[in-house]
Amino acid sequence: MKIAIVGAGAMGGVFGAMLAEGGQEVVLVEVARPVVEAINARGLRLEDASGGTRPVAVRATTEPAEVGPCDLVIVFVKCYHTETAVRAAAPLLGPETTVLSLQNGWGNAPRIAALVGEERVMAGVTYHSATVVGPGHVRHTGRGQTFVGELNGAMSARLARVADAFRAAGIEVTPTDAVLREIWSKLSLNVCTLPTSALLRFTGGDLIGHDGTLSLMRNLLRETVSVARAQGIALSEAERWEAITGLLRRAPASRASMLQDVENRRRTEIDVVSGAVVAAGERLGVPTPYNQAMLWLVKALEETFTA
């Protein structure tokens, strides 16, 4: 497949490198010229969790028009860059191009669909983790499952082709007819852990080490499950709570992506995390006071970054 990765940050870099090594024709599309220049000069430097680093030969560009129409476009930019990035990516779209969002939170897929047509869009969620070390250098900090599906739940031929490409690259993937459930399942994890870690500067172990944070996360989860169920998305609060606390127990030193954003005084993705729950709750008449408070607090913290 001819695949364009829009956004050559941590996750875009990891998926781009793995897909390229898996035999796909991959181009990384990135607005940051130093990143593009570094990748084209020496390859994308992919570092594993043990510190071993290898260069991966993959092309990068700032100009989508140089690439032309692709079979698959995977969007990995931050949520607040989604619309700008997808508009700029128009030259990547041909009559049969599929656009896949593997971004954090919920809200990106509808934004993309509004720009390119819902019939083009697939969505997914990944439990891989990564961080940027420097321009064109990413560290793959954790592996996990990736779920991909059609927005309408169809088990389509193009979904099977995307899954085959991922498997050939060593990406553990599950095509699903219930991708919204998978997205909201991960969203429930993010709602509990990301803003809480960012506001308190807590690691994963810290979050489960205090009665106050446990109570707060339980209430954030309860609201999220209620909002999901109001949309017909079946989530189990008990199952999600066990999964979330189990993950934090297994990775006590983990540092949430939103905490890293705050430490670097960067804008966060709170709008598609707590904000997504609040917006859906308002639409459906489900109260979300705990998530609303987290949204307000993180937004207030972000305002201090430009002070």
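Return the pairs, sorted by first residue and then second, in which the second residue is part of a strand (DSSP E or B) and hydroxyl-bearing (Ser, Thr, Tyr), the first residue lies in region 19-32 and is under 13 Å from Ala85 (Cα atoms), the beta carbons are less than 7 Å apart, and the residues are 6+ apart or on different chains.
Val29/Thr61
May I ask you to say which residue of Ser188, Ser257, Ser226 is over 21 Å from the mean Cα position of the chain (by Cα) and not assigned by TED's automatic domain parsing to the domain that holds Thr141? Before the answer, list the steps.
Numbers: Ser188 fails: over 21 Å from the mean Cα position of the chain (by Cα); Ser257 fails: over 21 Å from the mean Cα position of the chain (by Cα).
Sole residue among the options that is over 21 Å from the mean Cα position of the chain (by Cα) and not assigned by TED's automatic domain parsing to the domain that holds Thr141: Ser226.
Just to be sure before I move on: is Gly124 at pLDDT 95 or above, assigned to a strand (DSSP E or B), more than 12 Å from the chain's Cα centre (by Cα) and not acidic (Asp, Glu) in the structure I sent?
Spelling it out, it is not the case that Gly124 is at pLDDT 95 or above, assigned to a strand (DSSP E or B), more than 12 Å from the chain's Cα centre (by Cα) and not acidic (Asp, Glu).
Only one of these is surrounded by 14 or more Cβ atoms within 10 Å (Cβ to Cβ) and more than 30 Å from Gly134 (Cβ to Cβ): Leu189, Leu199, Leu221, Leu194. Name it.
Details: Leu189 fails: more than 30 Å from Gly134 (Cβ to Cβ); Leu199 fails: more than 30 Å from Gly134 (Cβ to Cβ); Leu194 fails: more than 30 Å from Gly134 (Cβ to Cβ).
Going through Leu189, Leu199, Leu221, Leu194 in turn, just one is surrounded by 14 or more Cβ atoms within 10 Å (Cβ to Cβ) and more than 30 Å from Gly134 (Cβ to Cβ): Leu221.
If I go through region 29-56 residue by residue, how many of them are assigned to a strand (DSSP E or B) and of a type outside the set (A, V, I, L, M)?
Restricting attention to region 29-56, the residues satisfying the condition of being assigned to a strand (DSSP E or B) are 29, 44-47, 53-56.
Narrowing further to those that are of a type outside the set (A, V, I, L, M): 45, 47, 53-55.
Qualifying residue count for the region: 5.
Let me confirm something: among Ala228, Ala256, Ala234, Ala251, which residue is in contact with a helix residue (DSSP H, G or I) (Cβ under 6 Å, 6 or more places away or on another chain), modelled with pLDDT under 95, within 29 Å of Arg283 (Cβ to Cβ) and of a type in the set (A, V, I, L, M, F, W, C)?
Being in contact with a helix residue (DSSP H, G or I) (Cβ under 6 Å, 6 or more places away or on another chain), modelled with pLDDT under 95, within 29 Å of Arg283 (Cβ to Cβ) and of a type in the set (A, V, I, L, M, F, W, C) holds for just one of Ala228, Ala256, Ala234, Ala251, which is Ala256.
The values are calculated or read from the model by the stated rules, or taken from the named source; none is laboratory data. None of the values given here were measured: they were computed from a predicted structure. Reconstructed Cβ throughout: ideal geometry from the backbone, glycine too, with neighbour counts over all protein chains shown.
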